[in-house]
Each structure stands twice: as structure tokens, then as C-alpha cells.
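Notes for the one structure printed next.
The values are calculated or read from the model by the stated rules, or taken from the named source; none is laboratory data. Given the structure is predicted, the values throughout are model-derived calculations rather than measurements. Note that each Cβ is placed from the backbone with ideal geometry, even for glycine, and that neighbours are counted across all protein chains shown. Ligands, DNA and RNA are stripped out before the accessible areas are found, and what is left, the full protein with its side chains, is counted by its heavy atoms. Shrake-Rupley method; radii C 1.70, N 1.55, O 1.52, S 1.80 Å.
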Amino acid sequence: MAELIGPRLAPAPGYQASSPLADARRDFVLPREAPNTINSIAEILAAFDSVPPLRRDVMIEMKFILRPSTAPHLAFEAVREFARRHFAGLRGLAAMLVLHLPGRSGAVGDNHIHLFVPARRLTPEGFGANAGRLVHDEGFEEVTAAWSEWRQDQGNVGPAGAKT
């Protein structure tokens, strides 16, 4: 997994030189059952990559495109809270978030938030059982419907939609 998402966890080299805010924020959420030895995104990736590989399912990936009028910090908190409730709270899954603000460094592209969810449940013993249908194509509708419902319940905070 580190190979797949590593490049998106840090700004591109050109961004680093021109603006530390291009990669404005990153964070993670863990289920209550997570081992107390995981304290960073790097430790989540190392723990996931240390278990035998799944056949084809590595993660759920969502990308939330922010409208120009959307305050990035509010959108980030909305996505973070959704991940905490929907993935960590209800399903026992870890989630990692990265807010990218390419315009701050003069790059072309919309501000956006990446949400990465490893495809295994996180237990006190580490990553275990597969996350099930969520990581398959049929899980797309379930996740996007959950996001829409959560967003409406919260007064339409955060980005309007997500790509997976």
C-alpha cells in the first residue's frame, strides 16, 4: 500500500520548494480496537504491508474535489469526521486523509482531499479480515450514498461529492 499511496502523501517536489501549504494537512483515524502501537500514517502503512497480500483488494480510495468557495479546513474536518464515523466507528477500518492545495504553489488543479481506507479491519492484533464488499465496485454506491446522507445530516458541510 505504501507504494500505491506514498506519492500522494507528500507534495510533489515542485510544490515543496514553492509552498509548504501545497500539502496543507494530513491525518488519520483509527477504530477503537486499533493497537496502541499505531501512531502515524507511516505505521498504518507498515502494519498493512506486513500482512500477506490480499488477492486484488488493497484499499478504498476517494477523492473529494473542493469548490473554489469551499474553506479547505472545513472540508477536511467534514471528511475526517465522516471517515471516523463511517469507516473507523461502524466498520473497524483505519482511514488516512490528505488535503492538497495545488493552487497555493501555482500548480494547476483543484483543491482536493484524498481519503484512503485499507481493505482490512484493524483489530488489537493488527490488520485482519477483509473489509468485504466496500472495496469492490458494488461498494461504491454504498460509500457514496453514506457520504451524501452524512453530508445532508450535517447541514451540507464538506465537498458535494466524491470520486472513487
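Summary of values
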read-out: Count of the range 84-107 residues which are modelled with pLDDT under 90 and open to solvent by 10 Å² or more (accessible area, probe 1.4 Å); value: 6
read-out: Cβ pairs under 8 Å, 6+ apart, first in the range 69-88 and more than 21 Å from Arg133 (Cα to Cα), second part of a helix (DSSP H, G or I); value: Ala78/Arg151
read-out: Residue within the range 8-31 that is part of a helix (DSSP H, G or I), touching a His at 6+ places or on another chain (Cβ under 7 Å), open to solvent by 30 Å² or more (accessible area, probe 1.4 Å) and modelled with pLDDT under 90 present; value: yes
read-out: Ser40 in contact (Cβ under 8 Å) with a residue 12 or more places away in the chain, open to solvent by 30 Å² or more (accessible area, probe 1.4 Å), out of contact with any Cys (no Cβ under 7 Å at 6 or more places or on another chain) and closer than 29 Å to Gln154 by Cα; value: yes
read-out: First in the range 135-147 and closer than 18 Å to Ala94 by Cα and in contact (Cβ under 8 Å) with a residue 40 or more places away in the chain, second anywhere and open to solvent by 20 Å² or more (accessible area, probe 1.4 Å) and among the β-branched types (Val, Ile, Thr), Cβ under 8 Å, 6 or more apart; value: Val135/Val58; Val143/Thr164
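Table: residues versus (1) among the aliphatic types (A, V, I, L, M); (2) open to solvent by 60 Å² or more (accessible area, probe 1.4 Å).
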site	(1), (2)
Pro53	no, yes
Leu66	yes, no
Phe82	no, no
Gly109	no, no
Thr123	no, no
Phe127	no, no
Ala145	yes, no
